[in-house]
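*Asks:* A single structure is presented below for examination.
Throughout, read-outs are computed from the coordinates displayed, never taken from laboratory work. Keep in mind the model is a prediction, meaning the values are calculated, not measured. Here Cβ is always computed from backbone atoms with ideal geometry, including for glycine, and neighbour counts include all displayed protein chains.
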Amino acid sequence: EWVGIHTLTLLARAHAELGDPLSAARIIEDNQSRRLRPAGTRITSEELLGWAARFDLGLVTFAVGADSTMVVWVDASGRAGASSRPLGRRSLEGAVRRLREAVVAGDLARAEVLGQEIGAALLPVELRDHLISAGSGARALFLLHGPLEALPMSLLGVDGSWIDDLLIPLVLPGLPLGEAAEPLVANTPWTLMGSPLGSEERVPLLPGAALELAQLGRLHPDANLLTGTAFVRPALVAAMESGRPLHLATHLVPAPGCSEGRLAPVGLLLSGGDVLCPEQILSWAPRLPLVVLAACETAGGRTIDAEGSHGVARAFLEAGTRNLLVTLWPISDSAAQAFALAYHESLETGIGPARAAQEARKHLRSLGHGPQDWAAFRAMGRE
């Protein structure tokens, strides 16, 4: 895999140096989005331009080789640029790991320094100027591959600021070409599920999740609220078939019984000790406008370097779910509850999922939460 990705990086660099950065971007995505599109299909330049046109600032993609990283961007008008950065795979893995460790430990000063260092090393000046050109309400799609998929984009530094203060970041592990659900429409009825009961005690295993869902139930009086004894497999299958936006507040747990297939051996904990595997989610093909995976580390999974992290979030994306809200690491109950309520309140005003996530992150900051809480939340999808 490493040799193949390094070859891909060199090929993209060759196209960029020959004056064709659009082809460089197409080659990167054509080779790193394979599981996200029907077998045998290829990404064309026209499709790539169509994706870039959806977002105010277009898209940015990356290929991380052994000793360099290709960064290619395509703006909404179709103008493309590229740069080879002297960042190899091991150095980039180490930089992302150190940033995450500093954030989770609550070391804000070190996180700021590391975020700025990564931003300056990874993003060329021309790209940084482009990203700050349209103001804080502009959206940009970041196609993160290899070690970068673990990068908390909200903390990437750009000229002294966090990127979350400069624009609205949206993340995907590649460009999906299959059919997807329609975009979320304001005031659409939700399905709110979670707060599993134990198999013996019959008491809530996650009191914080119970409180979170109760608050959301008051915000969405027309929602289908299913908790405790109602949070069982048949109800969740029905929710995934309903076409309604779905908010899941539960545990993501290790699940050896979910070890078959390429997706990670983890699962969503249901009442009574039942566990829903990612492969089962994929088989039910939930095509929903938005799924909120309010559990710890739902952005992760088993890493297949040329194809990204394969876990619960990936199962929903591949199945045709349009947008996801996921977490990069464990967070406190108080932060999860405050974020969820602010996120849903923003969605109710009619703004898109990525901007709603940014507004909710800012809300946590205003309450005094550090980046160990607010930077964990990531918006993924097509908007």
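*Asks:* Just to confirm my understanding: which cysteines in the chain have no other cysteine beta carbon less than 4.7 Å from their beta carbon?
*Replies:* CYS296
*Asks:* How far is helix 333-348 tilted off the main Cα axis of the chain, in degrees rounded to 10, range 0 to 90?
*Replies:* Compared with the principal axis, the helix lies near 80 degrees.
*Asks:* Now for a separate question. Within the set of other residues whose C-beta is less than 11 Å from the C-beta of ALA336, count the net charge using Lys and Arg as +1 and Asp and Glu as -1. Don't skip to the answer; put the middle values down first.
*Replies:* Working: positive: none; negative: GLU212, ASP333, ASP373.
For residues surrounding ALA336, the net value is -3.
*Asks:* Using only DSSP helix segments of four residues or longer, with each worth -39500 (n - 2.57), what per-residue ellipticity at 222 nm results for the chain after dividing by its residue count and rounding to 500?
*Replies:* That calculation yields -11500 deg cm²/dmol at 222 nm.
*Asks:* Using per-residue counts of other Cβ atoms within 10 Å, averaged over each peptide, order 188-195, 208-215 from highest down.
*Replies:* Details: 188-195: 22.6, 208-215: 20.0.
Most protected by this proxy first, the peptides run 188-195, 208-215.
*Asks:* Relative contact order (percent) for the chain, with alpha-carbon contacts under 8 angstrom and 6 or more residues of separation?
*Replies:* Details: 860 pairs, mean separation 55.6, N = 383.
Reported relative contact order: 15 percent.
*Asks:* In the chain, what percentage of the DSSP-assigned beta bridges are antiparallel, given to the nearest 5? Provide the component values of the computation, followed by the final result.
*Replies:* Details: 28 of 51 bridges.
Antiparallel: roughly 55 percent of the beta bridges in the chain.
*Asks:* Compute the helix-to-body angle for 108-122: its Cα long axis versus the longest principal axis of the chain, expressed 0 to 90° and rounded to tens.
*Replies:* Tilt of helix 108-122: around 40 degrees.
*Asks:* Classify segment 1-69 from the C-alpha gyration tensor, please: rounded if a/c falls under 1.5, else prolate or oblate depending on whether a/b exceeds b/c.
*Replies:* Details: a/c = 1.83, a/b = 1.26, b/c = 1.46.
Note, shape of segment 1-69 comes out oblate.
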